[in-house]
Number of protein chains: 2
Amino acid sequence: MQVYVGPEPASVILKVMSPHMSPEEFRAAAHQTVDWIADYLRDVRRYPVTPKVEPGVLAERLPAQGPEHGEPIEKILADFRELIVPGVTHWNHPRFFGYFSISGSGPGILGEMLAAALNVNHMLWKTGPSATELEQVSLGWLRQWLGLPEQFFGMIHDTASTAGLHAVIAAREAAGQPDAPLVLYTSEHANLSIDRAALAAGIGRGNIRHIPVDDEFRMRPEALAAAIKADLDAGRKPFCVVPTLGTTSSSSLDPLPEIGAIAQRHNLWLHVDAAYAGPAAVLEEYRHILAGAELADSIVVNPHKWLFTPVDLSALYTRRPEVFRQALSLEQAPAYLQAAGSASAVNFSDYSVALGRRFRALKLWFVLRYFGRQGIAEILRGHIRMAREFAAGVSADSRFELAAPVLFSLVCFRLRASDDQNRQLLERVNATGAAFLSGTTLRGKFVLRLAIGNIATNDNDVAQTWELIRSTAASIS
Amino acid sequence: MQVYVGPEPASVILKVMSPHMSPEEFRAAAHQTVDWIADYLRDVRRYPVTPKVEPGVLAERLPAQGPEHGEPIEKILADFRELIVPGVTHWNHPRFFGYFSISGSGPGILGEMLAAALNVNHMLWKTGPSATELEQVSLGWLRQWLGLPEQFFGMIHDTASTAGLHAVIAAREAAGQPDAPLVLYTSEHANLSIDRAALAAGIGRGNIRHIPVDDEFRMRPEALAAAIKADLDAGRKPFCVVPTLGTTSSSSLDPLPEIGAIAQRHNLWLHVDAAYAGPAAVLEEYRHILAGAELADSIVVNPHKWLFTPVDLSALYTRRPEVFRQALSLEQAPAYLQAAGSASAVNFSDYSVALGRRFRALKLWFVLRYFGRQGIAEILRGHIRMAREFAAGVSADSRFELAAPVLFSLVCFRLRASDDQNRQLLERVNATGAAFLSGTTLRGKFVLRLAIGNIATNDNDVAQTWELIRSTAASIS
């Protein structure tokens, strides 16, 4: 069905037809789209991982004004392929090894398709019973797989950043309203989102402490204890500590049991950022990394990072949901929501700043069911094994050195050479388009990071990337 | 391809196959899924708008533990149809008239499918050149259609709540660090998300002022001025005012020019919540509702509300992006992002708490192109016309009365009877499953709200719903 573009008055047209895409037009366009997606997933290795484009080039190719009249869907899909895809950084490429390589999966895409079609907004149980209960059920499954305490309440946020913001807000609420300034503690290797969350919640820059790390980039508990003591002595009010399981630079693990004990001693809110490494606890042999998590007031784990769920889906668990609710509660629910309330069901929007909520649980449920716990465990084990084999290659080549312990699927390494030479190596490898790595600084030196997280990455991808790095290194002077 | 469930060691299996859903298995399942979606969109009128389910029933039907081994996708899709869909509140139903009826559309679903498949995270320009630039371009088109100033910087958030939180954080930053407590002003009819945003940002409950409204539910500028004066006299620091264009209860318009002038006089951050009514400014004859928006420091408009874009997509515009950036800036970008920075491009994550970002612009671009400005205008005009015709019916029936001016596509009305009788009417109408309305309180009385926003709603849907309301009213004693 065509969009109305003629001169007749709108009212006449609207009486006789609904001017939207008909189900049959959608069906045809969506089948085409599915074929493109399946081809893309099959052929993704043929694309350069990162595009060769300069800022502003795509914007210049698109019209500066939006279209006055509707355009055929075929034209839009063609422009998607010809204008948009060439400027995509392919996070989906099996040789995307940058940051924390994230990964969707076929079942996750199917879940997103259905969520977009249903377009549910489950701000209240009543406005989305299935969405609300599937969020509870699927997060319950994941909680069990991670070995977290049964009483932990789970809810979905878009990102670990937003989840962390809510944790800091809850921590601030739990601290009451002391006259003294509130102080938050995290490690110097914590993700920037912790600082952002604290800033957003009104904790001043001067009241965020970055506790030093040890030789393996783990927060030093005795330094934490000393910092708390110094703040108490100065009349400030410590209120929250955020250890990380799987830091962004090196995937290090802060010592949760010790930090948890300090948090308990000083009555601090303990928020655990396990966004990256948390999913590893699905493996029995890695369950121990969550030891101490039972002490947490809140903990975040990202299925969209290393659990094959398309962005965005971050799982926040807390044993104190009532504090989140209280922190954001109004004196009285507004009239337009009161009428819809249900006393016996969870209304997730009571626990978050965002009132509207997408049906994100659907994709997680598809992923958890399609793979099962053992299926996910096998894939994660494969990633960890490939990372270790890559690290063994690094160790065996005297030109290179490992820059951090390989705990999960991240390998930090460097040429035994200058920072400039290491930066050159990274840039040249990435410029090939055959693989993508990112960099960071550890112990004051620039290092390369190879993070394995894509569901389709195989031994050959890692082996060829190592060959590419070695041969590129030979050209660095 | 089957998920591995046998007893062989994982390493052997992983050497020979990648245990994820193959592109061909995805293709087959996705074609099935598309057919289900197209059938659903075609047949959505056959579903009850709201399901007859009690809290907990779905959760009880699902296993308490997640599956140990993977399950066939056919079984998951069958369970979706048989267990999940019967518990869905169909926001997609053309007779969903509750809250602000939101609406996706065929092109929007296609955009979501592709975004899920690409799985881009454009935290930096470099990690998603297309996603970054398409966000700039599509928000630029929308900005032009709304007649907002060219220098307004646009970015996408999940919801207007989150956008509002960022506005309050920016307002707090702009206010510096006064010794006096900061005070925020909004109307007694503002959305609860404004209060939530202020609470999240650390503005105490005692420092949020709900300015009284006039007879047509518009914030009273003289009451705002008086409240500001009282706070100044008491030594507090007014810092932010949030007028609403299209309040949730009645779709009223706060007088933006007058409020903007007061904001300028007192140097308050002016954040305009135009989440619902903003899209109406795409129509020339409604352009005037944004008069005064040029004074705004920030303004939010929700394409996922009344612009046929699947949830979630909220557009935040600001003429002071540097304040948002400064409010969340760290002393130094972390090492793992520094290496990836690009001086000449926008990195959207600099402006938001959330570091990770979905490729949301894709669905908006599909929608804006498929319908074009005039196509969207025709649909909106149709909704407004149908609302007026419904209101005319209400006015012509002596048992009923209108409870608020009909400015857009929302009609607030009530039986000339008790609140209990009006609540009964609402409950009985909704219990039929043939339509869904919500309620609110205006001038102390309970009223029904009929909000038209679904792209497929037609005259017949509205006429039959009015007949249902009339006949149900006859049974109310």
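Coordinate-derived values only; no laboratory data. The structure presented is a predicted model; accordingly, all values stated were derived computationally and were not measured. Cβ sites come from the backbone with ideal geometry, for glycine too, and all protein chains shown count toward neighbours.
Amide H contacts of residue A:211: A:186, A:187, A:188, each under 5 Å away and 5 or more positions distant or on a separate chain (H built 1.01 Å from N in the peptide plane; Pro and chain starts excluded). Out of every Cα-Cα pair that the stretch B:10-90 contains, those further apart than 14 angstrom amount to 74 percent.
For chain B, what does -39500 (n - 2.57) per DSSP helix run (n ≥ 4), summed and divided by total residues, give at 222 nm, in deg cm²/dmol to the nearest 500? Only helices count here, giving -13000 deg cm²/dmol. If R0 is 30 Å, the Cβ-Cβ spacing of residue A:471 and residue A:42 corresponds to a FRET efficiency of close to 0.60.
Computed 3J(HN,Hα) for the stretch A:20-34, one whole-Hz value per residue from the Karplus formula 6.51 cos²θ - 1.76 cosθ + 1.60 where θ = phi - 60°, is 9, 5, 6, x, 6, 5, 4, 4, 5, 5, 6, 5, 4, 5, 4, glycine and proline marked x.
For the protein assembly as shown, the fraction of C-alpha pairs farther apart than 44 angstrom is 28 percent. Straight Cα distances below 15 angstrom link residue A:445 to the aspartates and glutamates A:215, A:216, A:401, A:419, A:420, with same-chain residues fewer than 8 positions distant left out.
Comparing Cα centroids, the stretch A:378-450 and the stretch A:160-239 end up 31 angstrom apart.
Using DSSP to define loop residues, name the chymotrypsin sites (Phe, Trp or Tyr not before Pro) in the stretch A:178-275 whose beta-carbon has at most 12 other beta-carbon atoms within 10 Å. Sites meeting the loop and neighbour criteria: none at all. Spacing of the modelled spin labels on residue B:397 and residue A:330, each 7 Å from Cα toward Cβ, amounts to 2.9 nm.
Ignoring the sites themselves, what is the longest stretch of chain B with no trypsin sites (Lys or Arg not before Pro) in a DSSP loop and at most 14 other beta-carbon atoms within 10 Å?
B:53-398
Close amide-amide hydrogen proximity is noted between residue A:272 and A:298, A:299, A:300, each under 5 Å apart and 5 or more residues distant or on a separate chain (H modeled in the peptide plane; Pro and chain starts excluded).
The modelled label-to-label distance between residue A:144 and residue B:460, using points 7 Å beyond Cα along the C-beta direction, is 4.7 nm.
Taking Cα pairs under 8 Å and at least six residues apart, what relative contact order does chain A come out at, in percent?
Rounded, it is 21 percent for chain A.
Quick one: grab the alpha carbon gyration tensor of the stretch B:108-363, order the square roots of its eigenvalues as a ≥ b ≥ c, and give me rounded if a/c is under 1.5, else prolate or oblate depending on whether a/b is larger than b/c. Oblate, since a/c reaches 1.5 and b/c is not below a/b. By DSSP, the beta bridges lying fully in chain A are antiparallel in about 60 percent of cases.
Between residue A:179 and residue A:210, the FRET efficiency estimated from the beta carbon spacing at R0 = 22 angstrom works out to 0.30.
Take the Cβ atoms of residue B:291 and residue A:78, set R0 to 35 Å, and the FRET efficiency comes out at 0.35.
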